[in-house]
1. Calculate one ³J(HN,Hα) per residue across the stretch 36-51 by plugging θ = phi - 60° into the Karplus curve 6.51 cos²θ - 1.76 cosθ + 1.60, and present them in order as whole Hz with x for glycine and proline.
2. Apply the Karplus curve 6.51 cos²θ - 1.76 cosθ + 1.60, θ = phi - 60°, to the phi angles in the stretch 157-170 and return the couplings in whole Hz, x for Gly and Pro.
3. Give the cross-link partners of K14 among the lysines, using a straight C-alpha distance below 25 Å as the criterion and excluding same-chain residues fewer than 8 apart.
4. Could you report the stretch 18-87's accessible area per residue, 1.4 Å probe, as an integer in Å²?
5. Relative to the longest principal Cα axis of the chain, at what angle does helix 191-202 sit, 0 to 90 degrees, rounded to 10?
6. Rounded to the nearest 10 Å², what accessible area does T127 show when all protein chains are kept and the probe is 1.4 Å?
7. So what is the relative contact order of the stretch 54-182, in percent, for Cα pairs below 8 Å that sit 6 or more residues apart?
8. Hey, what angle do you get for helix 18-27 against the long axis of the chain, alpha-carbon based, 0 to 90 degrees rounded to 10?
Amino acid sequence: RWGRGAQPRPPVPKPANEQDALALLTEGEILSSELIPWGSNYTYLVALGRQGTPECLAVYKPRRGEAPLWDFPDGTLYRRERAAYLTAQALGWDIVPLTIIRDGPHGIGSVQLFVETADLPGRRELTAAQRQQLACIALFDLITNNADRKGGHCLVAVDGHIWGIDHGLTFHQQAKLRTVLYEFYREPIPPTFLRDLRALLGEAARRDALQAQLGELLARAEVKAFFARAEQIATSGRYP
């Protein structure tokens, strides 16, 4: 829905699986593009498909539509969106929707699979599984140095799964964390997520693979700072 009182958008067929979703985002034709009317950067809802038939929705953030910032290098936010997705995948955390980089109607940018959302429950109404997902997102924000974790950047999908979106302000080499997920303050990091983080850092092949991927998207100092933060958090075992 776009704004209060707006009519629900007609349903669009979803990809059959992640492989099909990747093919659609990467190679599908962008059949329509509609400006999402909020936010400081230009963001578009696009329909992708083959042979003129819409098969999925995605959120397209072109480099050309990024507002200049004093602390983040110009034209890098779309690459940070992709870097966040790759990092979550490397950790085995299904918390960032599929995100790729491709050309679109307004030039190169990030394209992220659209999440169909349900009404956002109050925090007291969250299930135990959803609280664990938020704990995972909070840890993810620590290691990626997310400077923009608003409440609206945590989406509850129709199946109840919580996704984190809007990762353009991540991976800065200086401390930038800004988040609404304050309830984990000084708590122990859940053992499952701590094991995932330590495994990534401790397995040379996996660590080197992620480092190479991030090196194509971020500055060298930012990649170095990311691994330093991750090491520090993995050693402490607690949210700061």
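The values are calculated or read from the model by the stated rules, or taken from the named source; none is laboratory data. Since the structure is predicted, the reported quantities are computational estimates derived from the model, not experimental observations. Ideal geometry is used to build each Cβ from the backbone, glycine not excepted, and the neighbour counts take in all protein chains shown. Surface areas here come from the heavy atoms of the whole protein model, side chains and all, with no ligands, DNA or RNA. Shrake-Rupley method; radii C 1.70, N 1.55, O 1.52, S 1.80 Å.
1. Couplings: 7, x, 7, x, 7, 10, 6, 9, 10, 8, 10, 9, 10, x, 10, 6 Hz.
2. Going residue by residue, I get 6, 4, 8, x, 6, 9, 10, x, 10, 6, 10, x, 9, 10 Hz, with x marking Gly and Pro.
3. K61
4. Accessible surface, normalised per residue, equals 51 Å².
5. 80
6. Counting only protein heavy atoms, T127 exposes about 70 Å² to solvent.
7. It comes to 28 percent, rounded to a whole number.
8. Taking Cα atoms only, the helix is inclined about 60 degrees.
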